[in-house]
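*Asks:* Handing you a structure now.
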Amino acid sequence: MLSNSLFIRKELEKRRELLYKIAYSWCHQPALADDLVQETMVKALRNARQLHNTKAVKSWLTRILANCWYDHLRSHRDMVDIDSLSFDKHPSTQDTNERQDIIDRVRGMIAQLPTGQRQVITLVDLAGFSYAEIAEILEIPIGTVMSRISRARKALKVALAEYDPRHEYARAKIRRIK
C-alpha cells in the first residue's frame, strides 16, 4: 500500500482543479484562489498522517481548504461586509446572448451571498457533496447547512426574478435536492 504522503500527492494532483473551482467560487479572485489551493496542498502534505480514512480524502482536503479560507477572512477583517451589498438589478453587459448573461449574473449573485451561504451552495452544486459531508467539512450542524442552502437558493431566485420576471426561473419552485 502507498504511504500516506504519496497517496496525498496523487490525490492532490487529481483534485487540484476541483479545489481551485471551490476556492474561486468562494473568493472570486483567481490569484487568491490559487494561493488558497497552494496553502491547502502544503497543509495536506504536512499533515498526511492525520488522514486515517483514505475514502474521506475529498472531504478532508475540502475541510483544509475551508480552514485556509477562514484564516484568510480572519486576517483580512477590514474587507467590505458582503451582507451590506445589494444585488445589481441591471445587466452589466450589452449584446450578449441570454445564456451567458444569466451565467454571469448568477456568478455575481453567488459572489454577493454571505460567506456561509456561498460556501454551502458551491459545495452542494459545484462539488457535489452531501449535506452531511458539508456539515463535517465546515464543522457546522446539518440543520445549519440546510438553512443556509435554502436561504441561498431563495436569494438567488429572488434576484433572478427581479432581473427578468418573465423567464421560467422566476416561476420555478425551489426544491430540496439532497
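Laboratory data are not the source of any read-out in this text; all were calculated from the coordinates shown. This structure is a prediction, so every number in the text was calculated from the model and none was measured. Methodologically, a virtual Cβ is constructed for each residue, glycine included, from the backbone with ideal geometry; neighbour enumeration extends over all protein chains shown.
*Asks:* Count charges around residue 63 for me, please; just the other residues with Cβ under 9 Å from its Cβ, Lys/Arg as +1, Asp/Glu as -1.
*Replies:* Result for the local shell: -2.
*Asks:* Same structure again: How big is D for the stretch 20-78, in µm² s⁻¹ as a whole number, if Stokes-Einstein is applied with the Kirkwood radius of its Cα pairs at 25 °C and 0.890 mPa s?
*Replies:* Estimated via Stokes-Einstein, D reaches 207 µm²/s.
*Asks:* PRE reach from residue 49 (point 7 Å along Cα→Cβ): which of the stretch 1-26 fall under 17 Å by backbone N?
*Replies:* So the set is 3-9.
*Asks:* With point charges of +1 on the Cβ of Lys and Arg and -1 on the Cβ of Asp and Glu, referenced to the Cα centre of the stretch 1-75, which listed residue (44, 54, 30) lies farthest in the positive direction of the dipole?
*Replies:* Of 44, 54, 30, it is 54.
*Asks:* Across bins of 10 angstrom width beginning at 0, how are the C-alpha pair distances of the stretch 9-48 distributed, in whole percent?
*Replies:* Bin by bin from 0 Å, the calculated values are 34, 53, 13.
*Asks:* Report the convex hull volume per residue for the stretch 98-156, counting only C-alpha atoms, in Å³.
*Replies:* 70
*Asks:* Round to the nearest 0.05 the FRET efficiency obtained for residue 75 and residue 98 when R0 = 45 Å and r is the Cβ-Cβ distance.
*Replies:* That pair, residue 75 with residue 98, gives E of 0.65.
*Asks:* Which of the trypsin sites (Lys or Arg not before Pro) found in the stretch 1-31 are loop residues per DSSP with 13 or fewer other Cβ atoms within 10 Å of their Cβ?
*Replies:* The qualifying sites: there are none.
*Asks:* Working out 0.36 nm times the residue gap between residue 162 and residue 130, then minus their Cα-Cα distance, what length gain in nm do you get to one decimal? List each step's numbers first, then the result.
*Replies:* Working: separation 32, 0.36 × 32 = 11.52 nm, distance 2.99 nm.
Full extension from residue 162 to residue 130 adds 8.5 nm.
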